[in-house]
Amino acid sequence: MVVGMSLGVIWMVAQALTPAAVGRAIDQGVRAHSTSGLLTWAGIFFALSAITAWANIMRHRFAVYNWLSAAYKTIQLTVTQANRIGATLPRRIATGEVVSIGNSDVSHIGGALDILLRGSGAVAAIIVVAVILLSASTQLGLVVLVGVPVMMSTVSLLIRPLHQRQAAYREQQGKLIGRAGDIVAGLRVLRGVGGESVFAEAYREQSQELRAAGVRVGRVDALLEAAQILLPGLFLALVTWLGARFTLSGEITPGQLVSFYGYAAFLVSPLRTIVEAADKITRGLVAARRLVRLLRMQPEIGDPAEALPAPLGALELRDPQSGVTACRLRYTALAAARPEDAAEIVDRLGRYADSDATANGVPLTGLARATVRELILVSDNDGRLFSGVLRAELDPRGTASDEQITAALTAASATEIVEALPDGLDTFVAERGREFSGGQQQRLRLARALLADAPALLLVEPTSAVDAHTEARIATRLGDFRAGRTTLVTTTSPLMLDRADNVLYVEDGKVIAEGTHRQLMHSEPRYRATVTRGED
């Protein structure tokens, strides 16, 4: 930024000195009939033009560098903060607002830094021109010194309402993007229940409100653009008229008149640059405030002041609040009368909610979050497949061999999905894996979770979207694949429950029965009613 602003100053000042060189060439060369004087000032004019060209090229290079750095570092900050906040981010800020930061706000922040290079040069050029004019004519110099602040004050009257309307427009834009994302994500469900037209009408009304807000921003923006043309034009006319009168009265020379006219024309550029800088910096501030609001957020689940060492050996997870224990090296199933109770228990055991849950007796709240994520993997049906090569989707770390990937696909009963693809594991997956059905996506997510090979794996309803035959194959293979590691599956499927080493039945958030599936089916009528969906 410092180098770029220095180059901007050199660029503008070299341009500001050019009219003075032309005036001196006229007075000391043409009027004085001096060839040497003409050649001297012509050489100075050429040197100033060369410096202007070089400084402009270098300034533009630094301007583009600063723009790109600001834009992409802003994206990096946003992504880092989103990862830092974690799974609670969607509950605290609209998805559309995060998308707006990545789409439009980065451009405004980059533009604010970009304009500072030209803006600093414009300020320096106006100061140089004012000094030159004051030395030639005190009255003209004062006109410039007084006229510029008056003009900028007039323009600033439009900046504040533009700032306010842009902020309102950005907020509405973020909400609309979020609504559009929700509609697209739930389009299949909306069509199924006949709610497509209702949401389409709501989106249409909200988009019209955004259009009206955009028109309000455009009105002020148009006035600002008009001011950038009108005010410098009036200022140029005033300086030219005064300079002509002073020349006729003999107060300045014809060469100085040409210089004054050149300055009057030249001043349009730095003055417009200053007005543009005010506009872009305002837009940048609006965008930066949105980013800062995101960056100020603190994770709901933080790291302890002094992290405890990670527990050693096979993991045993325990949730005292519910009484659930995922025994070490065993395949445990959790059946709950209310699915919400099972989800809350998994959140506590995976430390997505602070609780008294422990791993081998060590409180999860005393471990660093990174340690918990390495030890415990929670896989639910909200997980998504990102766009990219399928192999990288299943094995993001790139450490698994083809044999290991095949084994995980087999355990998840997903081999036929890959075999049907044109390039197998090297097939490119579209965004959110939309070329796969819901059941296929669920099986691929299960294979991805199995490949992670976490010491403790918590699966939330991993077979809810597959048919009974596929579910039976997964139930048979899952326990063998996870042998020697801790596994907890929340499910009410008899096929999955029958294969578990131990089954826990939860009602009202508490474990009320424990045993094998067959034992509970005979001894616990409430468990039997939950598993058979109320059928005896």
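The values are calculated or read from the model by the stated rules, or taken from the named source; none is laboratory data. Quick caveat, the model's predicted, so the values are computed rather than measured. Note: ideal-geometry Cβ built from the backbone for every residue, glycine included; neighbour counts use all protein chains shown. Only protein heavy atoms, including side chains, enter the accessible area calculation; ligands, DNA and RNA are left aside. Shrake-Rupley method; radii C 1.70, N 1.55, O 1.52, S 1.80 Å.
For the reader, a short list of remarks on this structure follows.
- Residue match in the range 497-504 (condition: in a helix (DSSP H, G or I), surrounded by fewer than 17 Cβ atoms within 10 Å (Cβ to Cβ) and of a type outside the set (D, E, K, R)): no
- Cβ pairs under 6 Å, 6+ apart, first in the range 243-256 and without any contact (Cβ under 8 Å) to a residue 60 or more places away in the chain, second open to solvent by less than 60 Å² (accessible area, probe 1.4 Å) and outside any loop (DSSP other than H, G, I, E, B): Thr247/Leu257
- Residue in the range 446-453 that is modelled with pLDDT of 95 or more, under 24 Å from Thr406 (Cβ atoms) and of a type outside the set (A, V, I, L, M) present: yes
- Meets criteria (closer than 26 Å to Leu7 by Cβ, in contact (Cβ under 8 Å) with a residue 12 or more places away in the chain and either of a type in the set (A, V, I, L, M) or not in a helix (DSSP H, G or I) (or both)) for Leu38: no
- Enumeration of residues in the range 92-109 that are at pLDDT below 90, touching a Ser or Thr at 6+ places or on another chain (Cβ under 9 Å) and open to solvent by less than 30 Å² (accessible area, probe 1.4 Å): Ile101, Asp105, Val106
- Residue match in the range 94-107 (condition: under 21 Å from Arg170 (Cα atoms), in contact (Cβ under 8 Å) with a residue 60 or more places away in the chain and not in a helix (DSSP H, G or I)): yes
- The residues listed here are Thr470, Thr487; of these, the one that is farther than 17 Å from Thr530 by Cα, in contact (Cβ under 8 Å) with a residue 40 or more places away in the chain and part of a strand (DSSP E or B) is Thr487.
- Among the residues examined, Val123 does not qualify as of a type in the set (A, V, I, L, M), in a helix (DSSP H, G or I) and farther than 30 Å from Pro149 by Cβ.
- Residue among Arg373, Arg328, Arg318 that alone is part of a loop (DSSP other than H, G, I, E, B), of a type in the set (Lys, Arg), open to solvent by 40 Å² or more (accessible area, probe 1.4 Å) and closer than 22 Å to Asp453 by Cα: Arg328
- Among the candidates Arg296, Arg289, residue that is free of Cβ contacts under 8 Å to residues at least 12 places away in the same chain and either under 24 Å from the mean Cα position of the chain (by Cα) or surrounded by fewer than 19 Cβ atoms within 10 Å (Cβ to Cβ) (or both): Arg296
- Any hit, the range 24-35, residues being open to solvent by less than 70 Å² (accessible area, probe 1.4 Å), under 30 Å from Val64 (Cβ atoms) and not basic (Lys, Arg): no
- His60, sole failed condition from (1) part of a helix (DSSP H, G or I); (2) surrounded by fewer than 17 Cβ atoms within 10 Å (Cβ to Cβ); (3) free of Cβ contacts under 8 Å to residues at least 12 places away in the same chain; (4) not polar (S, T, N, Q): (2)
- Selection within the range 314-341: residues that are within 19 Å of Phe481 (Cα to Cα) and of a type in the set (Gly, Ala, Ser). The member of this set that is modelled with the lowest pLDDT is Ala314.
- The residue that is surrounded by the fewest Cβ atoms within 10 Å (Cβ to Cβ), counting only those in the range 264-285 that are under 18 Å from Glu225 (Cβ atoms) and aliphatic (A, V, I, L, M), is Val268.
- Options Gly147, Gly174, Gly192; residue that is of a type outside the set (Val, Ile, Thr), open to solvent by 30 Å² or more (accessible area, probe 1.4 Å), part of a helix (DSSP H, G or I) and at pLDDT below 80: Gly192
- Every condition in (1) open to solvent by 30 Å² or more (accessible area, probe 1.4 Å); (2) modelled with pLDDT of 75 or more is met by Ala167 except one, and the failing one is (2).
- Qualifying residue in the range 436-455 (condition: outside any helix (DSSP H, G or I) and in contact (Cβ under 8 Å) with a residue 60 or more places away in the chain): yes
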